[in-house]
Amino acid sequence: MSQFSIRNIREISNDPLTKFTNQIAKKLAKFTNKQETDKLENKEDVYSNGQDIDTVVKFHSLNSTKRFIFSQPFYPPTEPDLDKVRVWLKGDNLGNTLNDISGFNNHATLVGDPLLIDGYPFDYGINSGGTKSIALTLNRPTSDLENAEYIKIPDSSDLQVAGLSTGISYFLRFRIKDLSTQGGQARTLLEKIDDTLIVDAVIVKVQSDGKLIVIIKDSGTEYKKETAAGTIAANTVYDLWITYDVSGNVIHVYVNNVDKTLSTSSDTPNYQNNVTDYSLNLFRRGPGSFGYTYGDIYDFEVLREKVVSSTEVGYHYINKWTLANIAFGQVMISNHWATYADTTTSGASFSSSSFTFSFTLDPPSTSTTSFTSTSFTSTSFTTA
């Protein structure tokens, strides 16, 4: 009786070197098989030592709908601006890479076996039905790679504290599902060192009591701040803004649009053990260290030489997308919006500047008809 194996679904690469290696592996397996079977008294007992391919199939049912009723205008956001926003990641896909949509190509490596989930109750304001948001879950206890999953962005001057003249701002939308320490270290949201001697660095972590700790090291001096205990609770979605102003070395921490009262922290940073890797890490410290975060990530941004103001934080918290003063649900999203037109009780009115009209005459005619801003009006053009 023939048998079906899911391994047969995945084809071997067409790369010449891979194909050559595959053929060598098969010949070696055949030779090894022969040696083993020659040792058996009963040649019907055959053991195979061949190439194996692990294959995984994941199904996600995350459907969204949007009904445009043209009852309100939509406005373009100010980000990405190809200036201050140097990285913008969204936790909305799986694979080896999270694309940086800032335009600066600071693409991130996604390590492990994370899951895409419905980000409820968070709502981006762009869908009227179905899933309102999507997030990535890392380091879940049921994963074979628990405490081995993280997001890593290669080192770039765009991400460094070193060399700042004005300041830097970080934004992270996240949800922690376990506040207990991991490997003896507090859960780490963000960490980066800029050099081997750790002259410039940043680390953001959450203690088991919900206290948020921010440490920024600039030119060898550490500026350490912390919130009150209970600031961060498990299973709650947070919009976190951290700003550092070089003038006065001032740190602000905004949690869900609240400028938190900070005190000087006596916490020890405990930067990563491997001091030769300058990548920016999310949901862990650098390589060779503990503090992995079990939770969900929605968005991450770095704005270099930009100290986001409390007013801008407020705008962003309301509309969920941009520092611009735009109402919730009225932010234009690429490939997710339609042209705005006013509606009246008598029907829709169109103008030549906002509406493109094409038609075919039946029967075909050689004559042509054109519309102008004068002739194409609500009085001369009606709809059934």
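The values are calculated or read from the model by the stated rules, or taken from the named source; none is laboratory data. Computed from a predicted model, the values in this text were never measured in an experiment. FYI the Cβ positions are ideal-geometry reconstructions off the backbone, even for glycines, and counts take in every protein chain you see.
Brief remarks follow.
- Residue in region 118-132 that is surrounded by 16 or more Cβ atoms within 10 Å (Cβ to Cβ), in contact with an Asp or Glu (Cβ under 6 Å, 6 or more places away or on another chain), of a type in the set (Lys, Arg) and part of a loop (DSSP other than H, G, I, E, B) present: yes
- Here ILE168 passes the criteria (1) under 26 Å from ASN63 (Cα atoms); (2) touching a Phe, Trp or Tyr at 6+ places or on another chain (Cβ under 9 Å); (3) surrounded by 18 or more Cβ atoms within 10 Å (Cβ to Cβ); (4) in contact (Cβ under 8 Å) with a residue 40 or more places away in the chain except the one numbered (1).
- Residue among GLY286, GLY329 that alone is buried (at least 22 other Cβ atoms within 10 Å of the Cβ), modelled with pLDDT under 95 and more than 18 Å from ASP92 (Cβ to Cβ): GLY286
- Qualifying positions in region 260-284 - part of a strand (DSSP E or B) and not hydrophobic (A, V, I, L, M, F, W, C): SER263, THR264, ASN281
For (1) of a type in the set (Phe, Trp, Tyr); (2) under 24 Å from LEU89 (Cα atoms), each residue gets a yes or a no:
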{"residue": "LEU145", "(1), (2)": "no, yes"}
{"residue": "LEU159", "(1), (2)": "no, yes"}
{"residue": "SER165", "(1), (2)": "no, no"}
{"residue": "PHE174", "(1), (2)": "yes, yes"}
{"residue": "GLY184", "(1), (2)": "no, no"}
{"residue": "GLU191", "(1), (2)": "no, yes"}
{"residue": "LEU197", "(1), (2)": "no, no"}
{"residue": "SER208", "(1), (2)": "no, no"}
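- Test: ILE198 is under 25 Å from the mean Cα position of the chain (by Cα) and among the β-branched types (Val, Ile, Thr): no
- Region 166-259 holds strands (runs of 3 or more DSSP E) entirely within its bounds, and those carrying 1 or more residues that are in the same structural domain as TYR278 (by TED's automatic domain parsing) and among the basic types (Lys, Arg) map to 167-176, 187-193, 201-206, 212-218, 221-226.
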